[in-house]
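Dropping a structure here in structure tokens format, bear with me for questions.
The values are calculated or read from the model by the stated rules, or taken from the named source; none is laboratory data. Treat the numbers as computed from the prediction; the structure is a model and nothing was measured. In this analysis, Cβ positions are derived from the backbone assuming ideal geometry, glycine residues included, and neighbour counts consider all displayed protein chains.
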Amino acid sequence: MEVKGVRVKVLGRGSYGVVHLVQTVGYVPQFYAVKSADETISSSLRKEHQILQQFIGCPNIVRCFGAFTSVRRGGQGNVFNLFLEYASGGSLLDLMRDYGGKIPERDVKCYARMILEGLVDIHKKGCIHSDLKPGNILVFPPQDSIGLNTLKIADFGLVKQYGVEDKRIWEYGFWGTAIYMSPESVIGEVTGALDIWSLGCIIVDIILHENEANRNEN
């Protein structure tokens with residue numbers, strides 16, 4: 001794909017590289033979240049691009065518009081770029097803060113259903129997200145008459161596919177974020193049940209208005 005745009009600001013950084021908010025140049029400017037990584041360390045982003053192509057049209061999974069390789073300024077190597085839809089509402093962590101306290105139970109039920117429906121689509125394709133947590137769930141404007149924000153699952157860099165050996169070596173020997181992982185997954189038994197366990201932890205976070213930092217302290 002060929003896209004002309006301007007970087008507006010940095011949205012985040014991670015082991016994969018950096019995420020920029022990009023505004024396209026044209027008659028009707030559009031905003032995208034663009035994940036970028038040096039081509040020499042872009043295997044995770046390339047895998048994410050490949051996986052996200054399977055979920056086009058899934059309402060609770062972040063949409064991928066494509067990817068391309070660009071030349072770094074000064075000609076010093078190439079950069080792999082992944083174009084994703086921009087979540088103007090931030091992540092579920094931001095949404096929890098916006099509520100300013102306990103989220104009503106009726107809203108918690110709706111949000112939990114959105115995440116679960118996203119997981120159903122992921123598991124139907126034989127994939128395990130492996131790193132489900134509030135920071136990897138993005139917030140978009142309402143899409144129906146309920147009036148609630150729409151939640152979409154993002155960050156597919158650690159996805160595991162059933163029956164496919166993954167030869168990547170992880171620093172701690174297991175997948176994902178420890179406080180959202182099931183006991184079985186820590187010892188290497190990674191199945192779809194891991195994502196369901198993580199969802200349960202997220203629901204507890206929402207109800208108790210907890211976050212990752214607080215849970216680490218407790």
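Might you let me know whether the range 109-124 holds any residue that is touching a Gly at 6+ places or on another chain (Cβ under 7 Å) and either in contact (Cβ under 8 Å) with a residue 12 or more places away in the chain or not assigned by TED's automatic domain parsing to the domain that holds Asp205 (or both)?
yes
Follow-up question, since we're still on this one. Restricting attention to the range 61-69, does a residue exist that is among the aromatic types (Phe, Trp, Tyr), touching a residue at least 12 places away in the same chain (Cβ under 8 Å) and assigned by TED's automatic domain parsing to the domain that holds Tyr180?
No - not one qualifying residue is present in the range 61-69.
From the residues in the range 37-88 that are small (Gly, Ala, Ser) and in a loop (DSSP other than H, G, I, E, B), which one is modelled with the lowest pLDDT?
Gly77
Got at least one residue in the range 20-28 being without any contact (Cβ under 8 Å) to a residue 12 or more places away in the chain and either farther than 21 Å from Gln143 by Cα or in the same structural domain as Pro142 (by TED's automatic domain parsing) (or both)?
For the range 20-28, residues without any contact (Cβ under 8 Å) to a residue 12 or more places away in the chain and either farther than 21 Å from Gln143 by Cα or in the same structural domain as Pro142 (by TED's automatic domain parsing) (or both): present.
Also, I was wondering about something else. Hey, could you check the range 131-176 for residues that are under 24 Å from Lys109 (Cβ atoms) and modelled with pLDDT under 85 and say which is surrounded by the fewest Cβ atoms within 10 Å (Cβ to Cβ)?
In this case the residue turns out to be Ser145.
So, in the range 98-107, exactly how many residues are surrounded by fewer than 14 Cβ atoms within 10 Å (Cβ to Cβ), modelled with pLDDT under 90 and farther than 27 Å from Cys64 by Cβ?
Selection size over the range 98-107: 6.
Filter the range 181-210 for residues that are at pLDDT 90 or above and closer than 24 Å to His49 by Cβ; which is surrounded by the fewest Cβ atoms within 10 Å (Cβ to Cβ)?
Step by step, filter the range 181-210, then rank; the result is Ser198.
Test each condition in (1) within 27 Å of Val10 (Cα to Cα); (2) surrounded by fewer than 21 Cβ atoms within 10 Å (Cβ to Cβ); (3) of a type in the set (Asp, Glu) for Glu48 and report the one that comes out false.
Among (1) within 27 Å of Val10 (Cα to Cα); (2) surrounded by fewer than 21 Cβ atoms within 10 Å (Cβ to Cβ); (3) of a type in the set (Asp, Glu), Glu48 violates only (2).
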